[in-house]
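**Q** I have a structure I would like to understand better, so I am pasting it below and will then ask my questions one at a time.
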Amino acid sequence: MQEQFPSIIQSIMKTSQDMWQKGWAEANGGNISLRLEKEQVPVCSPKSDWIPLGCSLPELSKECFLVTGTGRYLRNIALFPWKNIGIIELDETASGYRILEGFEPTGKPTSELAAHLMTHASIKKAYNNSKRAVIHTHAPSLIALTYALTLDSALLSKLLWQCHVECIVGFPSGIEFIPWMMAGSKDIGEATAMALARRPLAVWQFHGVFGTGRNLDEAFGLIDMAEKAASIFLLAKSTGCIRHAPTVEQLRSIAENFKGVPEESFLNADTTAFFR
Ligand code: 2HA
Ligand code: ZN
């Protein structure tokens, strides 16, 4: 049974291992979900009864997901995949799920399941069924920015675009800043899902980041790019003398060169105080 899907298992093993090695996934921090294609879903008898989700997401009717387990360590996925991950199936109205595989011997999906599934519902619709991967992780430099600076989505997006010029190509629609809310709550799930319909990344103040993509590589790569920009800012700031930053004209020409359309209102954000 479990030998049927080596490639999705390999991709989550690789991504979770990379997240651990990057220093983004201490203890049980972080979680991953992947919306499966029909042929990736195991043919097996369910391992649980239907469990209510507490909300209904009709866009996800009967969809199946590979998800990490609550309380489980991402760094252990490569060692014991079926202990630390599982496959769930949603019911007809997507108001409940059952476990098809994994979370051995007994366990449940991530505590952030609401945010993951609400995000999947919103990105499936917004991106025409093309995006299947959602990653949540505790990337330290992005988190540090939410302590050091007074941010909103425009300021954070422009700052990252200026601190690593790949960023305006990677995420021209920007990155959402989500002020602190209780992790695991419906409210933060809704705010995250709404944000990720328009941008591929969202930062949770004092906590971490969510990234989306067509696959795990794309979601991981975007988070990595944003995290690198945040680290470059902190590194430059630590010298005590930032003297230059890319101008709006330079940013615009980079985006144009790569056929990206940056969020215009974010280009106008005034980040000068951050570079002083
Ligand atoms: O425990 O990252 O946000 C996993 C988390 C919760
Ligand atoms: Zn977290």
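**Q** Send over the per residue convex hull volume for region 1-127, Cα only, as a whole number of Å³.
**A** 107
**Q** Per residue, how big is the convex hull of region 174-218 when only Cα atoms are used? Give it in Å³.
**A** Cα-based convex hull of region 174-218, divided per residue, equals 77 Å³.
**Q** Summing -39500 (n - 2.57) over the DSSP H runs of n ≥ 4 in the chain and dividing by its residue number, what mean residue ellipticity at 222 nm do you reach, to the nearest 500 deg cm²/dmol?
**A** Value at 222 nm, helices only, nearest 500: -11500 deg cm²/dmol.
**Q** Here is a follow-up. Can you tell me the Rg and the Dmax, both Å, for the Cα atoms in region 127-276?
**A** Rg then Dmax for region 127-276, in Å: 14.6, 46.
**Q** Calculate the tail of P(r) for region 88-186: the fraction of all Cα-Cα distances greater than 22 Å, expressed in %.
**A** Counting pairs separated by more than 22 Å, the tail of P(r) holds 47 percent.
**Q** Would you kindly derive the ³J(HN,Hα) couplings of region 123-138 from the backbone phi angles with the Karplus curve 6.51 cos²θ - 1.76 cosθ + 1.60 (θ = phi - 60°), listing them in order in whole Hz, with x for Gly and Pro?
**A** Values, residue by residue: 7, 4, 6, 5, 10, 6, 6, 8, 9, 10, 10, 10, 10, 10, 8, 9 Hz.
**Q** Residues with amide H under 5 Å of Ile51's amide H, sequence separation 5 or more or different chain, H placed in the peptide plane at 1.01 Å from N; which?
**A** Tyr97, Arg98
**Q** Right, next: Return the lysines within reach of Lys158: Cα separation strictly under 29 angstrom, same-chain partners fewer than 8 residues apart disregarded; answer none if there are no such residues.
**A** Straight-distance partners of Lys158: Lys22, Lys124, Lys125, Lys131, Lys186, Lys228, Lys237, Lys259.
**Q** Equivalent-ellipsoid semi-axes (√(5λ), Cα gyration tensor) for the chain, whole Å, largest first?
**A** Values for the chain, descending: 35, 19, 16 Å.
**Q** Expressed as a whole number of Å, what is the distance separating the alpha-carbon centroids of region 162-185 and region 232-269?
**A** The distance from the Cα centre of region 232-269 to that of region 162-185 comes to 14 Å.
**Q** For the chain, set up a Gaussian network in which alpha carbons nearer than 10 Å are linked by springs, and say which option among Ser141, Ser253, Ser33 fluctuates the most.
**A** Between Ser141, Ser253, Ser33, it is Ser253 that shows the largest mean-square fluctuation.
**Q** Right, here's the next one. Go ahead and run the numbers for FRET between Val248 and Asp49, Cβ-Cβ distance against an R0 of 51 Å, rounding to 0.05.
**A** Plugging the Cβ-Cβ distance into 1/(1 + (r/R0)^6) gives 0.35.
**Q** Take the alpha carbon atoms of region 92-158, find their center, do the same for region 29-80, and report the distance between the two centers in whole angstrom.
**A** Centre-to-centre distance over Cα atoms comes out at 13 Å.
Here, each number is a calculation from the coordinates, and none is a lab measurement. Keep in mind the model is a prediction, meaning the values are calculated, not measured. Neighbour counts are summed over all protein chains in view; Cβ atoms, including those assigned to glycine, are modelled from backbone coordinates with ideal geometry.
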